[in-house]
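J.: Provided herewith is a single structure, encoded as structure tokens, for subsequent inquiry.
The values are calculated or read from the model by the stated rules, or taken from the named source; none is laboratory data. Just so you know, these numbers come straight off a predicted model, no measurement behind them. Every residue, glycine among them, receives a Cβ derived from its backbone with ideal geometry; neighbour counts consider all protein chains shown.
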Ligand code: HGY
Ligand code: MN
Ligand code: MN
Ligand code: MN
């Protein structure tokens, strides 16, 4: 089956005809449909599928008696996300195996094709949920207690799918992950060639800001008498934007919860989630300090309060230079660049697994949006590159 056919089949799953976007939260029907598609493709290729308690999957080609090279990514998406972020890595992995088989290659060590659950954290709020649990960096009980926006816990979602939550925990899949290579669509516009190699992943964190004030009547409460958490939030968002620009970093408030969320009432509470990233750990830390400080100062002025809880913070990931340079060599000098986006590869690298990433050029530079794009020729170049890298690592 050609890459084009694989891609057309996979990207038809759950595509919103109005927006062209995808909303595939972990363990939701469309994400399960994409996972079923993946499993069917593995079966068609006689790949031996192994899964772990939270639903990460690795499908193996070659001898099952030793660690091997795993390549893959994720099939879930952000809310109304693009087609490529995640699925391109999974589909390219299948296509690369097809290509190596067509070329008559027989791996000396097994090659695994992986799909890891809830990488975006768009349902349960924890980025790289599946890989973090697999790597043992997120305890199973904490993961199982995570809830989605309807209050459904991961534990209940698994049970509803007929999966025993007791199986969730550090994953046996990682025992055989000798090397991990993730192909991913570029998120930003740095590539001048179809394929690049990642040098590092920026530190990134998610922080929950809870602003508390005093609910009151929108029409009768004098402006000077208000304790309006929406105002404190708005000034904090402005401060975050300014501080990020000053630090050459990134700060985004993309998600809000407003109580009681009425048009004619001053809110009592505003919960805002900050996604912050910077080129190094120290800059991220000082950025958060500056934003938090300004939020507290503003709250004092407004007669409101603010509490900040870090929900997940990931330090910088520098991919091992030896493996990185080996890929650059295999790809005849592919460009090397950092990324501000988090990935399962970052979790596996931090867990001590030799890890590398390939990026496929995105001419729009846009991601986490239906406008995310990669040219077919560049995607095919990505499959070629991945096949060459897998051959080099598994021969
Ligand atoms: O959010 C991220 O950085 C990644 O795309 N999951
Ligand atoms: Mn993403
Ligand atoms: Mn991704
Ligand atoms: Mn009234």
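J.: Checking the condition surrounded by 24 or more Cβ atoms within 10 Å (Cβ to Cβ) and either farther than 22 Å from residue 22 by Cα or in the same structural domain as residue 52 (by TED's automatic domain parsing) (or both), which residue from 182, 159 passes?
T.: Checking each option against the conditions leaves just 182.
J.: Being away from ligand 2 (no atom under 16 Å from the Cβ), farther than 14 Å from residue 253 by Cα and assigned by TED's automatic domain parsing to the domain that holds residue 364 is true for just one of 193, 198, 218. Which residue is that?
T.: Only one candidate passes the filter, namely 193.
J.: A further question follows. Kindly list the number of the only condition in (1) surrounded by 23 or more Cβ atoms within 10 Å (Cβ to Cβ); (2) more than 19 Å from the chain's Cα centre (by Cα) that fails for residue 345.
T.: The one condition residue 345 does not meet is (2).
J.: Now for a separate question. Scan region 109-120 and report the pairs whose first residue is closer than 11 Å to residue 48 by Cα and whose second residue is within 16 Å of ligand 1 (Cβ to nearest atom) and not in a strand (DSSP E or B), with Cβ atoms within less than 9 Å and a gap of 6+ or a chain change.
T.: Qualifying pairs under 9 Å: 113/90.
Let's see how each residue does on (1) out of contact with any helix residue (DSSP H, G or I) (no Cβ under 8 Å at 6 or more places or on another chain); (2) under 26 Å from residue 290 (Cα atoms):
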residue	(1), (2)
207	no, yes
224	yes, no
233	yes, yes
238	yes, yes
243	no, yes
247	no, yes
262	yes, no
271	yes, yes
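J.: Can you tell me which of 261, 241 is modelled with pLDDT of 95 or more, assigned to a helix (DSSP H, G or I) and closer than 27 Å to residue 79 by Cβ?
T.: 241 is the lone residue from the list that is modelled with pLDDT of 95 or more, assigned to a helix (DSSP H, G or I) and closer than 27 Å to residue 79 by Cβ.
J.: For region 6-24, which positions are farther than 13 Å from residue 84 by Cβ, out of contact with any helix residue (DSSP H, G or I) (no Cβ under 6 Å at 6 or more places or on another chain) and either in contact (Cβ under 8 Å) with a residue 40 or more places away in the chain or not assigned by TED's automatic domain parsing to the domain that holds residue 378 (or both)?
T.: Matches in region 6-24: 16, 19, 23.
J.: Pairs only if they're at least six apart or on different chains, beta carbon under 8 angstrom, first in region 323-334 and under 16 Å from residue 394 (Cβ atoms), second part of a loop (DSSP other than H, G, I, E, B); list them, first residue then second.
T.: The qualifying pairs are 323/354; 327/334.
J.: So, one more: Give me the pairs: first residue in region 135-148 and touching a residue at least 60 places away in the same chain (Cβ under 8 Å) and assigned by TED's automatic domain parsing to the domain that holds residue 119, second residue surrounded by 21 or more Cβ atoms within 10 Å (Cβ to Cβ) and in a helix (DSSP H, G or I), beta-carbon distance under 7 Å, and six or more apart or on different chains, which are they?
T.: 135/174; 135/347; 135/348; 137/347; 140/133; 143/129; 143/133; 143/154
J.: Sticking with this one: Taking the conditions exactly as written (touching a helix residue (DSSP H, G or I) at 6+ places or on another chain (Cβ under 7 Å), under 26 Å from residue 10 (Cβ atoms), within 16 Å of ligand 2 (Cβ to nearest atom) and in contact (Cβ under 8 Å) with a residue 24 or more places away in the chain), does residue 90 satisfy them or not?
T.: In short, yes.
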